[in-house]
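Rule-based calculations on the coordinates, nothing more; no lab input. This structure is a prediction, so every number in the text was calculated from the model and none was measured. Because the Cβ atoms are built from the backbone with ideal geometry, glycine has one as well, and the counts that use them run over all protein chains shown.
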């Protein structure tokens, strides 16, 4: 392995707390991260969620399934996406990692065979639990095939080594054969397999550290008057081709990461307004688009004039215009530059300005209040509270997706995604771990009422997040059997009950601080925390009786059994 790749691998392993793994396993996680991050820039994720390598991996080291831009790690999550948007825009990403300095034809062929077998109704290869879990999600998606938009799923394969791809004729023939075999299944709208060597790996890793940027021509613009908290702001319009160049990546795909400040997800053409936008774009009256559409609002952390009418923007988001952008991108080959797009760009690093723009531009049409949770005072208080903890125990509450992902001094494993915090609090302090997946929507609806509500203590939120962090460390270092992951939120509840068996105070009660202090002291002591995780895991394993099927463990009776066993354990 060359020195640069070795340095990047060491940096990644340290940041993701994987230093205890073997060199081969580290590289599997590294390759998984850089390739999946190429397509997914949503909430912080750990590679444990996609890693499949090991016995029974069918030649596949990682599988990421993206639905409507979200990483899906269990089949129950699909129901939520169906409820929110009514459609599934699906991408399957497969990774094979080889730390060797050359591309191996047999490994490449085995990889392709394993991926094809993954989609077979009756698989031939023996599968481990991680492959089975991914296949369960895949089966559920294809059973809902009528919801696929804008067409069948995309399939991306990455064979990653530390060598150099030389366009060897035999290897290229194998690569092309894999693509042909997968296309023959007729279940994808697009298939590609990429063979990535050291230079490609280095480039992909650098991209995970750098903010998205774009250059474009903005001739028809007006500079707005000076605004407090804003370095520059323009309003005007640009051509379709210029706009598409801004919102596309190097492979010509739509940049999903630029919509994470947008509170409203893509609604597909089931939304009448989107069908109306498309009709205008494709009609002979597309020149009227500029006066009929509200246009796009972008916020950029940096906006710089390069020359005359040429600008560069960095770290930018579309905070209003998600629907319009998707329609324009879908229609890019059917329209021309007679179509002009209204554009407003605001360059600012002021969080209050960003928050006010997001609220203002998205109040023009109905948006549910819980979608604005990241902008509430309580969310900001939580973020600040997490940052006040001692550095060795500090976590980073990510109230807005991606806000910490590019900070050099923040370990990815210590970033707490909002969804995971909701689940952790629901499990640990509401005692409903069975609702963290299958009934997550009902848990989400309690935001602002039973949890994440004004006036509540902040300590339980940090304690729940830190408990989940310590539990994940035990899974990552293989102190706990991976089969228990399906019940990890039940283990989290058991950890709280064992650490402090006294009656749980109300979330807004002053006594909650003292209650949480006892649990926190146990979690902050590494030896005690590991013992607590192990003891809680044994109780959950005993409650399961060896049956970790979701239909068994993700139920209220199972939760009640875990609570009863904890009560007995602490009564002795």
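If you project the alpha carbons of segment 448-565 onto their three principal axes, what span does each projection cover, largest first, in Å?
The Cα atoms of segment 448-565 stretch 41, 31, 23 Å along their principal axes.
Tell me the volume per residue, in Å³, of the convex hull enclosing the alpha carbons of the chain. Don't skip to the answer; put the middle values down first.
Values: hull volume 93.3 nm³, N = 572.
Hull volume over Cα atoms, normalised by residue count, gives 163 Å³.
So for segment 39-185: antiparallel DSSP bridges make up what percent, rounded to the nearest 5?
That works out to approximately 55 percent antiparallel.
So how far apart, in nm, are the two label points at residue 273 and residue 315 if each is 7 Å from Cα heading toward Cβ?
My value for the distance between the label points is 3.0 nm.
Just to confirm my numbers, what's the Cα centroid distance between segment 459-523 and segment 7-36 in Å?
27
How big, in percent, is the set of alpha carbon pairs in segment 518-572 lying more than 12 Å apart?
69
If you take the beta carbon distance between residue 411 and residue 235 as r and set R0 to 45 Å, what does 1/(1 + (r/R0)^6) give as a FRET efficiency, to the nearest 0.05? Don't skip to the end; give the middle numbers.
Numbers: r = 40 Å, r/R0 = 0.90.
E(calc), rounded to 0.05, equals 0.65.
For segment 3-209, take the alpha-carbon Rg, divide it by the Kirkwood Rh, and send me Rg/Rh.
0.95
Any idea how far apart residue 199 and residue 333 come out in nm if each label point goes 7 Å out from Cα toward Cβ?
With each label placed 7 Å out from Cα toward Cβ, I get 2.9 nm.
For an R0 of 45 angstrom, estimate the FRET efficiency from the Cβ-Cβ distance between residue 306 and residue 179 and round to the nearest 0.05.
Numbers: r = 39 Å, r/R0 = 0.86.
Approximately 0.70, to the nearest 0.05.
Averaging the inverse of every distinct alpha carbon separation and then flipping it gives the Kirkwood radius. What is it for segment 279-320, in angstrom units?
After inverting the mean inverse Cα-Cα distance, the result is 12.6 Å.
Quick one: grab the alpha carbon gyration tensor of segment 183-292, order the square roots of its eigenvalues as a ≥ b ≥ c, and give me rounded if a/c is under 1.5, else prolate or oblate depending on whether a/b is larger than b/c.
oblate
With a ≥ b ≥ c the root eigenvalues of the C-alpha gyration tensor of segment 371-571, is it rounded (a/c under 1.5), prolate (a/b larger than b/c) or oblate?
Here segment 371-571 falls in the rounded category.
Assuming a viscosity of 1.002 mPa s and a temperature of 20 °C, what translational diffusion coefficient in µm² per second does Stokes-Einstein assign to segment 213-367, Rh being the Kirkwood radius over Cα pairs?
Translational D for this selection: 135 µm²/s.
Using Cβ contacts closer than 10 Å as the measure, can you line up 102, 446 from fewest to most?
102, 446
Take every DSSP beta bridge with both residues inside the chain and express the antiparallel ones as a percent of the total, to the nearest 5.
Approximately 60 percent, going by the DSSP bridge assignments.
May I ask you to order 321-328, 526-533, 500-507 by the average number of other C-beta atoms within 10 Å around their residues, highest value first?
Packing order, densest peptide first, comes out as 321-328, 526-533, 500-507.
For q values of 0.13, 0.18, 0.23 Å⁻¹, compute log₁₀ I(q)/I(0) with the Debye formula on a Cα-only model of segment 59-171, without solvent.
One equal scatterer on each Cα of segment 59-171 leads to -0.56, -0.92, -1.26.
Hey, got the Cα dimensions of segment 117-271 along the principal axes, in Å, largest first?
Here the spans come out as 66, 43, 29 Å, largest first.
Which distance in Å, rounded to a whole number, links the C-alpha centroids of segment 47-64 and segment 187-222?
24
Taking R0 as 30 Å, what FRET efficiency do you get between residue 542 and residue 450 from their Cβ-Cβ distance, rounded to the nearest 0.05?
0.50
Order 137-148, 455-466, 553-564 from most to least packed using the mean count of other Cβ atoms within 10 Å.
Averaged packing, sorted descending, gives the order 455-466, 553-564, 137-148.
For residue 292 paired with residue 392, estimate the spin-label separation in nm (one decimal), with each label point 7 Å from Cα along the Cα-to-Cβ line.
Taking the simple label geometry, residue 292 and residue 392 are separated by 6.4 nm.
So how do 333, 268, 350 line up by other beta-carbon neighbours within 10 Å, fewest first?
The fewest-first ordering by Cβ neighbours comes to 333, 350, 268.
Take every DSSP beta bridge with both residues inside segment 213-367 and express the antiparallel ones as a percent of the total, to the nearest 5.
85
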